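So the structure is just underneath, and the comments pick up after that.
The values are calculated or read from the model by the stated rules, or taken from the named source; none is laboratory data. Everything numeric in this text was worked out from a predicted model, so none of it was measured. So basically every Cβ, Gly included, is an ideal-geometry build from the backbone, and we count neighbours across all protein chains shown. The protein model used for the area step is the full one, side chains on, heavy atoms only, and it has no ligands, DNA or RNA in it. Shrake-Rupley method; radii C 1.70, N 1.55, O 1.52, S 1.80 Å.
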Amino acid sequence: MLASGNSSSHPVFFILLGIPGLENYQFWIAFPLCAMYLVAIVGNFITLHIIRTDHTLHEPMYLFLAMLAITDLALSSSTQPKMLAILWFHAHEIEYHACLIQVFFIHAFSSVESGLLMAMALDRYVAICFPLHHSTILTPTVVGKLGAAVMMRGLLWVSPFCIMVSRMPFCNNHVIPQSYCEHMAVLKLVCADTRVNRAYGLFAAFSVVGFDIIVISISYVMILRTVLGLPSDEAQFKAFGTCASHICVILAFYIPALFTFLTHRFGHHVPRVVHIMFANFYLLVPPMLNPIIYGVRTKQIRDRVIQGCCGKDP
């Protein structure tokens, strides 16, 4: 069923299949996905609460971590409730505008998360390479401006291809063979020339992720040079330890994200089940792992969690 607009016709709703190829197991697959989502929600809310209430944590690294927690909550919540409804209750229909909103949230907040990881790498670079000037270079005002710039970049880069898709006519096939609306998946249902959309999607992805990865790589090369020049093994170990959690978070985000992105465009021989599962993990694993990794690796947060659970001083 099509709804007529001023410039194009679009379907009233799309059909999300969930996990094609695993229809008989979707009900049970939803349980670990739900558990991961609950861990992400609880973990990120705890992280936010600790950073908000403890004024000693109002430092650049923790402020960026709070922004990352908010981003993870938005990123996971944009897909997981609908995904669980599909897997448990067979609620496959998603309204047209809700689908486009989901596309926007997924790509905008993925861009924001990438930008925050870059900002956190810059924070580690300044903290280790210029420790005496860290507090004067990364002031709360600078941190706020960096966070705002990352957010605006996500909104401005993603909005054009969402607007372009909304103005294009769709074919009679309204089935999306996965569990959420993603730009390329929706674009494949368009009955028009999509070369401009695809080109802009590639430009937006590579300009954001490419730039962020370059900055992160340069930051850690400089960090490595500085750490290897420290006078004692203990100082080197401590410096490496402060970066270990951030490197784990970076790998947990970029590896599944790049696999999903490249498979959508070039991985035609990758089994669909593998692609769909990675696409689900890409939006769920980083939000789940981030508070766990930082909670384990960051003494200040770990001590406050223990204090809250046991009612004892850290």
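Numbers at a glance
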item: Residue check, Leu251 of a type in the set (A, V, I, L, M, F, W, C), exposed (fewer than 15 other Cβ atoms within 10 Å of the Cβ) and more than 29 Å from Leu284 (Cα to Cα); result: no
item: Boolean, Val270 is open to solvent by 40 Å² or more (accessible area, probe 1.4 Å), at negative phi, among the aliphatic types (A, V, I, L, M) and outside any helix (DSSP H, G or I); result: yes
item: Residue tally, condition over 20 Å from Leu73 (Cβ atoms), buried (at least 19 other Cβ atoms within 10 Å of the Cβ) and in contact (Cβ under 8 Å) with a residue 60 or more places away in the chain, over region 255-267; result: 1
item: Pairs where the first residue, in region 1-19, is in a strand (DSSP E or B) and polar (S, T, N, Q) and the second is at pLDDT 55 or above and open to solvent by less than 20 Å² (accessible area, probe 1.4 Å), C-beta under 9 Å, 6+ apart; result: Ser9/Phe170
item: Residues of region 7-19 that turn out to be surrounded by 15 or more Cβ atoms within 10 Å (Cβ to Cβ), of a type outside the set (A, V, I, L, M) and out of contact with any strand residue (DSSP E or B) (no Cβ under 7 Å at 6 or more places or on another chain), as a count; result: 2
item: Region 25-43 residues that are of a type in the set (Val, Ile, Thr), paired with ones that are open to solvent by less than 30 Å² (accessible area, probe 1.4 Å) and not in a helix (DSSP H, G or I) (beta carbon under 8 Å, 6 or more apart); result: Ile29/Ile19
item: Sole residue being open to solvent by 10 Å² or more (accessible area, probe 1.4 Å) and of a type in the set (A, V, I, L, M), chosen from Leu75, Leu84, Leu116; result: Leu84
item: Restricting region 139-170 to residues that are farther than 23 Å from Lys82 by Cα and touching a strand residue (DSSP E or B) at 6+ places or on another chain (Cβ under 7 Å), the residue that is surrounded by the most Cβ atoms within 10 Å (Cβ to Cβ); result: Met168
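Okay, residues lined up against (1) in a helix (DSSP H, G or I); (2) farther than 26 Å from Ala244 by Cα; (3) open to solvent by 90 Å² or more (accessible area, probe 1.4 Å); (4) without any contact (Cβ under 8 Å) to a residue 40 or more places away in the chain:
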position	(1), (2), (3), (4)
Ala192	no, yes, no, yes
Gly201	yes, yes, no, no
Phe206	yes, no, yes, yes
Ile216	yes, no, no, no
Ser219	yes, no, no, no
Met222	yes, no, no, no
Thr226	yes, no, no, no
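Residue by residue, here is whether (1) buried (at least 19 other Cβ atoms within 10 Å of the Cβ); (2) assigned to a helix (DSSP H, G or I); (3) modelled with pLDDT of 95 or more; (4) under 19 Å from the mean Cα position of the chain (by Cα) holds:
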residue: Phe31; (1), (2), (3), (4): no, yes, yes, no
residue: Cys34; (1), (2), (3), (4): no, yes, yes, yes
residue: Tyr37; (1), (2), (3), (4): yes, yes, yes, yes
residue: Met61; (1), (2), (3), (4): yes, yes, no, yes
residue: Ile94; (1), (2), (3), (4): yes, no, yes, no
residue: Phe104; (1), (2), (3), (4): yes, yes, yes, yes
